[in-house]
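Structure first, then comments.
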Amino acid sequence: ATKKACELLAYTYHHLYKLNVSGLRFFTVYGPRGRPDMAPFKFVDRISRGAEIQKFGDGTSSRDYTFISDIVDGVIRSIDRPYSYQVFNLGKGNGTSLNEFISIVEKHTERKAVIRQLPDQPGDVPYTCASVEKARILLGYEAEVSFDKGIRRTVEWYSKSRSDVVSDEVPTETPEVQASGLSRSPSWAQIVSRSAIISN
């Protein structure tokens, strides 16, 4: 609702003040330096460390994961090709199931996931995917990085960054507790932050 409201507000400014507006809808962006609260980073981090991941449902749910370089390409194209008012979806245009997601992360981390099976989360939709036809026609946009290649690049970045900061002796941390009461293993970013505080 807030995203739609933002687009309507932008249209109002376009209508009243004749501003050129291009609204961009990003579909599950991931990659190096990505948000640590999102599944791609969390799964790479936890599977790499042998920490437990939570799997909701039977694994058939699917999302359109978009590598950061493809999103940047779409942003630049929207700037270079101004329109009076348009809204574009930026995504791969195809989905990846949760089961396939976990399998790909296992392949590139060379670790087996420790999975805690949980029921479907209330309100979760089984499938999301970007319709990128308009962006393809008006912007010349086309995602180039497959999910397999994107996860490989993310794992390479993660491994290098972690080896630069963290020694082989990873501190033992007490798992966090979510609002639901379920335990949650701390992320690599949190471990690094706490280790820096201790060492100083």
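The values are calculated or read from the model by the stated rules, or taken from the named source; none is laboratory data. Treat the numbers as computed from the prediction; the structure is a model and nothing was measured. Glycine also receives a Cβ, built like all others from the backbone with ideal geometry; neighbour counts cover every protein chain displayed. Each accessible area value is taken on the protein alone, full model and side chains, heavy atoms only, with ligands, DNA and RNA left out. Shrake-Rupley method; radii C 1.70, N 1.55, O 1.52, S 1.80 Å.
Some notes on this structure:
- Residue within segment 36-47 that is part of a loop (DSSP other than H, G, I, E, B) and more than 22 Å from Asp120 (Cβ to Cβ) present: yes
- Count of segment 125-151 residues, restricted to those that are open to solvent by 90 Å² or more (accessible area, probe 1.4 Å) and over 30 Å from Val21 (Cβ atoms), is 1.
- Lone unmet requirement of (1) buried (at least 18 other Cβ atoms within 10 Å of the Cβ); (2) outside any helix (DSSP H, G or I); (3) modelled with pLDDT of 95 or more; (4) not charged (D, E, K, R) for Pro32: (1)
- Taking first residues from segment 22-47 that are over 18 Å from Leu98 (Cβ atoms) and partners that are open to solvent by 20 Å² or more (accessible area, probe 1.4 Å) and in a strand (DSSP E or B), the Cβ contacts under 6 Å between residues at least 6 apart in sequence or on separate chains come to Ser22/Gln86; Gly23/Val87; Arg25/Asn89.
- Selected residue (criterion: nearest to His15 (Cα to Cα)) from residues of segment 61-114 that are of a type in the set (S, T, N, Q) and part of a helix (DSSP H, G or I): Ser78
- Subset tally (residues that are open to solvent by 50 Å² or more (accessible area, probe 1.4 Å), in contact with a Phe, Trp or Tyr (Cβ under 9 Å, 6 or more places away or on another chain) and aromatic (Phe, Trp, Tyr)) for segment 49-93: 1
- The listed residue being surrounded by 15 or more Cβ atoms within 10 Å (Cβ to Cβ), basic (Lys, Arg) and touching an Asp or Glu at 6+ places or on another chain (Cβ under 9 Å), out of Arg46, Arg116: Arg46
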